[in-house]
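Take a look at the structure below.
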């Protein structure tokens with residue numbers, strides 16, 4: 001009798017177990033795949049979630065906002081982490097409104113992007129990136145530089161990192177084309193492209209713009225915009241091979257000396273130029289040594305040592321803030337590579353405005 005009671009008690013559990021085995025036989029493999037993607041291939045898992053939200057967005061406005069939010073987060077985390085000031089991507093929240101703007105709540109780990117309705121998804125993603133990138137790099141940029149300059153700069157930052165995302169690039173080009181109806185902005189945009197081709201956009205221009213914005217915040221002065229544009233012209237002249245007097249920036253806010261080594265046998269001439277430039281503008285705070293090609297790079301490294309020795313003889317405190325030798329494709333053409341070198345020497349600060 002006791003055995004019959006046990007069989008009766010076990011019968012429901014047996015049925016449940018049989019049901020579970022049938023369900024697992026159907027759903028088990030997909031569940032295993034999902035967990036494997038989540039733990040071992042998080043980027044692929046995130047792409048699947050984004051595509052599911054994109055499909056759901058055909059019938060749901062909330063899903064559309066969430067799809068844009070997740071895609072923007074994904075793009076930022078996979079393309080921009082080394083440039084973010086904290087290295088952490090905040091939670092992106094997309095809302096609809098009358099104008100495109102970002103509402104920063106970075107202290108709480110989230111960033112609200114307000115977008116206008118009526119655009120295609122990739123257009124909204126492109127606009128969201130243009131809006132959000134300056135805030136993530138340095139929110140001080142918004143308060144220091146001219147708004148039009150920020151849009152041009154941000155669009156080029158996004159385009160520089162998003163070359164494989166053709167739909168986004170296409171819409172970014174439309175944004176830039178509209179702004180480039182202004183002659184000055186068109187020239188500025190053209191120079192940024194040339195500067196980026198030699199990798200000076202992300203390695204020199206952008207860090208210097210961010211540093212100056214942080215030092216000047218919350219001070220706003222049209223002189224800052226003038227000097228920023230002049231700095232861009234100097235970098236443009238460098239990539240075009242133009243030499244002195246375009247290599248020194250001795251402004252109120254930007255104080256740099258740029259030395260482009262293209263004649264390995266004339267190191268003493270470079271030293272003489274550097275000493276003369278520092279005498280003319282003792283406020284210089286950064287010396288950038290640039291070189292292209294293996295012979296020129298070897299000479300540039302030797303020049304770095306000589307300049308450091310000269311600065312120490314002059315009683316100047318110095319620090320090498322960055323030194324990088326790298327290979328980059330020439331204007332995006334993979335069959336031709338450029339061997340490049342950049343070294344930045346920081347000199348004792350004499351004061352900021």
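Out of all the residues in the stretch 337-348, is one or more modelled with pLDDT under 90, part of a loop (DSSP other than H, G, I, E, B) and loosely packed, with under 15 Cβ neighbours inside 10 Å? Scanning the stretch 337-348 turns up at least one residue that is modelled with pLDDT under 90, part of a loop (DSSP other than H, G, I, E, B) and loosely packed, with under 15 Cβ neighbours inside 10 Å.
Is it true that residue 179 is in contact with a helix residue (DSSP H, G or I) (Cβ under 9 Å, 6 or more places away or on another chain), surrounded by 14 or more Cβ atoms within 10 Å (Cβ to Cβ) and at pLDDT below 90?
Answer is yes for this residue.
Against the criterion of being modelled with pLDDT under 90, out of contact with any strand residue (DSSP E or B) (no Cβ under 9 Å at 6 or more places or on another chain) and farther than 22 Å from residue 137 by Cβ, residue 243 does not qualify. Taken as a whole, the structure leaves residue 260 outside the set of residues that are out of contact with any helix residue (DSSP H, G or I) (no Cβ under 6 Å at 6 or more places or on another chain) and at pLDDT below 90.
Would it be correct to say that residue 328 is touching a strand residue (DSSP E or B) at 6+ places or on another chain (Cβ under 6 Å), surrounded by fewer than 18 Cβ atoms within 10 Å (Cβ to Cβ) and either modelled with pLDDT of 90 or more or assigned to a strand (DSSP E or B) (or both)?
So residue 328 passes the test.
Elements of the type helices (runs of 4 or more DSSP H) sitting completely within the stretch 59-176 and holding at least 1 residues that are more than 23 Å from residue 190 (Cβ to Cβ) and modelled with pLDDT of 85 or more: these cover 61-79, 121-137, 140-144.
Checked against the criterion of being closer than 21 Å to residue 323 by Cβ, part of a helix (DSSP H, G or I) and not assigned by TED's automatic domain parsing to the domain that holds residue 318, the stretch 211-224 has at least one qualifying residue. Considering the conditions (1) surrounded by 15 or more Cβ atoms within 10 Å (Cβ to Cβ); (2) more than 19 Å from residue 140 (Cβ to Cβ); (3) out of contact with any strand residue (DSSP E or B) (no Cβ under 6 Å at 6 or more places or on another chain), residue 209 is excluded by exactly one of them, (2).
For residue 193, indicate whether it is over 21 Å from residue 324 (Cβ atoms), surrounded by 19 or more Cβ atoms within 10 Å (Cβ to Cβ) and modelled with pLDDT of 85 or more. For residue 193, the condition - over 21 Å from residue 324 (Cβ atoms), surrounded by 19 or more Cβ atoms within 10 Å (Cβ to Cβ) and modelled with pLDDT of 85 or more - is not met. Looking at this structure, is residue 201 in a helix (DSSP H, G or I), over 13 Å from the mean Cα position of the chain (by Cα) and in contact (Cβ under 8 Å) with a residue 40 or more places away in the chain? Spelling it out, it is not the case that residue 201 is in a helix (DSSP H, G or I), over 13 Å from the mean Cα position of the chain (by Cα) and in contact (Cβ under 8 Å) with a residue 40 or more places away in the chain.
The residue pairs whose first member lies in the stretch 310-326 and is in the same structural domain as residue 293 (by TED's automatic domain parsing), whose second member is at pLDDT below 85 and exposed (fewer than 13 other Cβ atoms within 10 Å of the Cβ), and whose beta carbons are closer than 8 Å, counting only pairs six or more residues apart or on different chains, are 316/348; 317/348; 318/348. Before we move on, is residue 179 outside the structural domain of residue 259 (by TED's automatic domain parsing) and within 25 Å of residue 342 (Cβ to Cβ)? Answer is no for this residue. The residues on offer are 278, 290, 311, 303, and the sole one that is crowded, with 19+ Cβ neighbours inside 10 Å, in contact with a helix residue (DSSP H, G or I) (Cβ under 7 Å, 6 or more places away or on another chain), part of a helix (DSSP H, G or I) and modelled with pLDDT of 85 or more is 303.
Give the stretch 142-151 a look and list any residue that's surrounded by fewer than 22 Cβ atoms within 10 Å (Cβ to Cβ) and under 17 Å from residue 206 (Cβ atoms), or say none. Residues satisfying the conditions are 142, 145, 146, 149, 150, 151. Considering each residue of the stretch 285-303 in turn, none proves to be without any contact (Cβ under 8 Å) to a residue 12 or more places away in the chain and outside the structural domain of residue 187 (by TED's automatic domain parsing). Among residues of the stretch 232-254 being touching a helix residue (DSSP H, G or I) at 6+ places or on another chain (Cβ under 7 Å) and assigned to a helix (DSSP H, G or I), the one that is surrounded by the most Cβ atoms within 10 Å (Cβ to Cβ) is 235.
The values are calculated or read from the model by the stated rules, or taken from the named source; none is laboratory data. Just so we're clear, the structure is a prediction, and the values are computed from it rather than from any experiment. Every residue, glycine as well, gets a Cβ built from its backbone with ideal geometry; the counts of neighbours run over all protein chains shown.
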